[in-house]
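Structure record follows, encoded as structure tokens.
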Amino acid sequence: MRTLIVDDDDVCRTSLRIALEPYGPIVEVVTGREAVESVRDALLADQRFDLVTLDIMMPDMDGQTALMAIRNLELVKGIAPGKGARVLMTTALNSGRSVLDAFREQCDGYLIKPLELEKLYLELSRLGLITL
């Protein structure tokens, strides 16, 4: 599983990297803009990400905006909706509006921080990315 971790918090990125590195290669970035660039570069190199963990609240470009841009890049590349990278939104916001906005922009799951590894692994299993 090729993973892109997007979070401006060092502790969150490190926790996710430790949890996910047994499953395959990982790229870490700090901003939404870097996330979009990483996905674009991966698509151009024909090395798509299987999973993107995307923080919602980040400087420069928030996660919702980055998600829209990522899905647009996939469409341009000819990847049909639902066939691109699996995107798990991660946030400290526990707001119904944030959840609805994320799903409207085609995220695949939503995890509240602090992340619980059991919930992360259950989501990855539900998405068919790992086997428990």
Exercise for review: Using a 10 angstrom cutoff on alpha carbons, build the Gaussian network for the chain and name the most mobile of 92, 45, 19.
Suggested key: 45
Review point. To the nearest 0.05, how large is the calculated FRET efficiency for residue 68 and residue 127 if R₀ is 22 Å and r is the Cβ-Cβ distance?
Key: 0.65
**Study point:** Phi-based couplings in Hz for segment 115-132 (Karplus 6.51, -1.76, 1.60; Gly and Pro marked x)
**Key:** 5, 9, 4, 4, 5, 4, 5, 5, 5, 5, 5, 4, 7, x, 8, 9, 10, 8
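Quote the relative contact order of segment 3-126 in percent (integer), defining contacts as alpha-carbon pairs under 8 Å separated by 6+ residues.
22 percent
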Study note, to complete from the structure: Fraction of alpha-carbon pairs in the chain farther than 28 Å apart, rounded to whole percent, equals 6 percent
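Highest mean first, how do 112-125, 63-76 rank when packing is the count of other Cβ atoms within 10 Å averaged over residues? Spell out each step's value before the answer.
Numbers: 112-125: 14.8, 63-76: 19.3.
Output ranking for 112-125, 63-76: 63-76, 112-125.
Read the figures in this text as sums done on the coordinates, not as results from a lab. Here the structure is a predicted model, which is why all the values come from computation and not from measurement. Glycine gets a Cβ as well: all are built from the backbone with ideal geometry, and neighbour counts include every protein chain shown.
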